[in-house]
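Novice: Input: one structure, supplied below.
The values are calculated or read from the model by the stated rules, or taken from the named source; none is laboratory data. In this text the structure is predicted, and so the values were computed from the model without any measurement. Counting neighbours? That spans all protein chains shown, and the Cβs are built from the backbone with ideal geometry, glycine included.
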Amino acid sequence: MLSMPYRPSTKRNCWPHWRNEVVLSTVSTILANVPRGMPVSELRLLLGEVLGQPTVWLLTHGEAMVSIEQCLKLDELVNRRLGGEPMAYLLGYREFYGRKFTVSPAVLIPRPETELVVDIVKASVGAGALHGEMSASRSASTPSTLDLGTGSGCIAISIALECPRVKVTAVDLSLDALDVATTNQRKLNASVELIQSDWFTALDDRRFDIIVSNPPYVAEGDTHLEQGDLRFEPTQALSSGNDGLTALRKIISEAPTHLLSKGLLALEHGYDQAVAVRELLITAGFATITQHKDIAGIIRVSCGVLP
Ligand SMILES: C[S@@+](CC[C@H](N)C(=O)[O-])C[C@H]1O[C@@H](n2cnc3c(N)ncnc32)[C@H](O)[C@@H]1O
């Protein structure tokens with residue numbers, strides 16, 4: 001295939017300066033000129049996305065031509081990446097619990113540490129092995145689970161697919177986030193009831209066997225909000241009051257009126273919030289409290305079981 005003569009971007013400091021004289025671009029010429037500040041793995045992912053091919057395909061198709069339209073699309077993605085935009089938003093997906101979830105700037109990018117919440121629910125309903133005392137503690141034949149602040153739907157949909165006998169409901173305040181969750185539910189063929197709600201408000205007096213949440217928990221004004229991917233993620237998904245505990249306080253205090261007897265509440269929280277969350281769970285009347293570390297050894301998820 002012949003590509004048209006390539007006219008490089010006229011914008012200063014834009015990639016690719018190196019292609020000024022290039023008329024024909026191939027996979028290997030592009031990958032041989034990684035822009036400064038970008039790992040080659042990211043360039044491969046972006047090129048693969050533009051070509052509609054998996055990155056392994058690039059390894060064996062170095063001579064494949066890249067059209068002018070594809071070069072221009074790649075240039076745009078590379079320059080946005082060099083400007084700090086998260087890879088997940090550029091690619092339009094992020095893997096979570098072994099599945100590809102569509103993401104957009106309307107939702108938080110799923111994090112690997114959040115998979116722990118799914119592990120805990122699996123253990124609790126007897127579909128997986130985690131800490132002994134949680135295993136198979138739920139006897140209901142179809143335990144009900146509520147995911148508060150579902151975002152992309154990654155937690156709710158993973159639970160629905162990993163534990164088919166669990167009936168899953170998920171809420172979010174953001175209609176744009178619920179659109180993304182709906183897309184993922186359809187694409188992954190999961191059965192989840194999606195509801196727009198300000199935490200428990202639209203649920204009236206419904207009760208569940210299990211409530212899970214990865215709520216916003218960063219303190220407003222925390223400098224991390226101005227760094228890395230967080231700059232591009234929705235504020236509503238990240239920050240929660242002066243100390244980051246506003247959403248956690250509300251969820252913990254109201255959860256007992258939406259849980260069945262022996263109901264389980266499992267909450268992800270910040271690296272420095274384990275003590276505060278434990279206190280909040282005790283104050284709200286939860287009897288058995290367990291706290292779980294992520295792969296970095298940080299307590300990330302705290303659980304309470306009602307008496
Ligand atoms: C940290 S994100 C978690 C998203 C997803 N569950 C995950 O783990 O990737 C928090 C989510 O809570 C939602 N949220 C914030 N305030 C809310 C509220 N008052 N009621 C319901 N959802 C809310 C946000 O829109 C966002 O999707």
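Novice: How many residues are of a type in the set (Phe, Trp, Tyr) and out of contact with any Cys (no Cβ under 9 Å at 6 or more places or on another chain) if we restrict to segment 64-122?
Specialist: Number of matching residues: 2.
Novice: I'd like the full set of residues that are touching a helix residue (DSSP H, G or I) at 6+ places or on another chain (Cβ under 8 Å) and of a type in the set (Val, Ile, Thr), limited to segment 85-128.
Specialist: THR102, VAL103, VAL107, ILE109, THR114, VAL117, VAL118, ILE120, VAL121
Novice: Among (1) closer than 13 Å to GLY304 by Cβ; (2) within 13 Å of the ligand (Cβ to nearest atom), there is one condition ILE282 misses while meeting the rest; what is its number?
Specialist: Every condition holds for ILE282 apart from (2).
Novice: Sticking with this one: Looking at this structure, is TYR97 within 14 Å of the ligand (Cβ to nearest atom) and either touching a His at 6+ places or on another chain (Cβ under 7 Å) or closer than 15 Å to GLY153 by Cβ (or both)?
Specialist: Yes, satisfied.
Novice: Just checking, how many residues over segment 33-91 are part of a loop (DSSP other than H, G, I, E, B), modelled with pLDDT under 95 and among the acidic types (Asp, Glu)?
Specialist: 1
Novice: Among the residues of segment 224-253, what is the count of those that are within 11 Å of the ligand (Cβ to nearest atom) and either touching a residue at least 60 places away in the same chain (Cβ under 8 Å) or charged (D, E, K, R) (or both)?
Specialist: 8
Novice: Let me confirm something: among PRO112, PRO105, which residue is surrounded by fewer than 16 Cβ atoms within 10 Å (Cβ to Cβ), within 9 Å of the chain's Cα centre (by Cα) and in contact (Cβ under 8 Å) with a residue 60 or more places away in the chain?
Specialist: Every option except PRO112 fails the conditions.
Novice: Would you mind stating whether GLY270 is within 13 Å of the ligand (Cβ to nearest atom) and either closer than 30 Å to ARG81 by Cα or assigned by TED's automatic domain parsing to the domain that holds ARG111 (or both)?
Specialist: Taking the combined requirement at face value, the residue satisfies it.
The rows are residues; the columns are (1) closer than 30 Å to PRO112 by Cβ; (2) among the polar types (S, T, N, Q); (3) without any contact (Cβ under 8 Å) to a residue 24 or more places away in the chain.
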{"position": "SER25", "(1), (2), (3)": "no, yes, no"}
{"position": "ARG36", "(1), (2), (3)": "yes, no, yes"}
{"position": "GLU69", "(1), (2), (3)": "no, no, yes"}
{"position": "VAL78", "(1), (2), (3)": "yes, no, no"}
{"position": "LEU90", "(1), (2), (3)": "yes, no, no"}
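Novice: Which numbered condition in (1) within 30 Å of ASP272 (Cβ to Cβ); (2) modelled with pLDDT of 95 or more is the only one that GLY221 fails?
Specialist: (2)
Novice: Pairs under 6 Å by beta carbon, first residue on the phi < 0 side of the Ramachandran plot in segment 159-176, partner among the small types (Gly, Ala, Ser) and within 15 Å of the ligand (Cβ to nearest atom), six or more apart or different chains?
Specialist: Going by the 6 Å Cβ cut-off, the qualifying pairs are ALA160/ALA190; LEU161/ALA190; VAL168/ALA156; VAL168/ALA160; ALA170/ALA156; VAL171/SER197; ASP172/GLY149; ASP176/ALA106.
Novice: Within segment 196-210, which residues are exposed (fewer than 14 other Cβ atoms within 10 Å of the Cβ), of a type in the set (Val, Ile, Thr) and touching a residue at least 12 places away in the same chain (Cβ under 8 Å)?
Specialist: Within segment 196-210, none qualify.
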